[in-house]
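*Asks:* Just passing along the structure, written as structure tokens.
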Amino acid sequence: MRICPRCTKVLEPMVVESVTVEGCRGCGGAWFDRGELDDVAKHDPAALERIDRAFSPARGQPAAPYSSMRCPVCLDRLEGFEFKHFPGVQMDGCRKCRGVWADHGELTEISGRIAAHRNPP
């Protein structure tokens, strides 16, 4: 059982593009084990929006401060980073197990940027 690093609720599984992602119905975030975010984004970027919609945050849910977020797999501290292809989208990752945490809305932002890149105006 994995626990949300943001609000400490139990993460729920969702299968997308044959990848099992865990999301939180409390804060709306999603956890990707090593390589899973890349796999989903490469095969079906629109699936990222579906994940964001599936795990919409509950109103009034308290969130953990960034400095205290822990990896739901190995419990190491999560550290903020940006993908070089998505500047301005702050995500959180685990240096030990290489998993990635996406707060609610970040996956939709990434999906939109991929679509804009693939279909320029």
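*Asks:* Give the residues of the stretch 1-25 that are touching a Pro at 6+ places or on another chain (Cβ under 7 Å) and farther than 19 Å from CYS97 by Cα, sorted by residue number.
*Replies:* Residue satisfying the conditions is CYS7 alone.
*Asks:* Quick one: which of ALA41, ALA47, ALA58 is farther than 12 Å from ALA102 by Cα, of a type in the set (A, V, I, L, M) and in a loop (DSSP other than H, G, I, E, B)?
*Replies:* Of the residues listed, the single one that is farther than 12 Å from ALA102 by Cα, of a type in the set (A, V, I, L, M) and in a loop (DSSP other than H, G, I, E, B) is ALA58.
*Asks:* So CYS27 passes all but one of these: (1) buried (at least 16 other Cβ atoms within 10 Å of the Cβ); (2) without any contact (Cβ under 8 Å) to a residue 40 or more places away in the chain; (3) not basic (Lys, Arg). Which condition number does it fail?
*Replies:* (2)
*Asks:* Further question on the same structure: Pick out the one residue from ALA30, ALA46, ALA41 that is among the small types (Gly, Ala, Ser) and over 23 Å from GLY80 (Cβ atoms).
*Replies:* From the options ALA30, ALA46, ALA41, the qualifying one is ALA46.
*Asks:* In addition: Of all residues being part of a loop (DSSP other than H, G, I, E, B), touching an Asp or Glu at 6+ places or on another chain (Cβ under 8 Å) and without any contact (Cβ under 8 Å) to a residue 40 or more places away in the chain in the stretch 82-121, which is farthest from ARG34 (Cα to Cα)? Just the residue, please.
*Replies:* Checking each candidate, the answer is GLY88.
Here, each number is a calculation from the coordinates, and none is a lab measurement. Only a predicted model underlies this, so the values are computations on that prediction, with no experimental measurement involved. Neighbour counts are summed over all protein chains in view; Cβ atoms, including those assigned to glycine, are modelled from backbone coordinates with ideal geometry.
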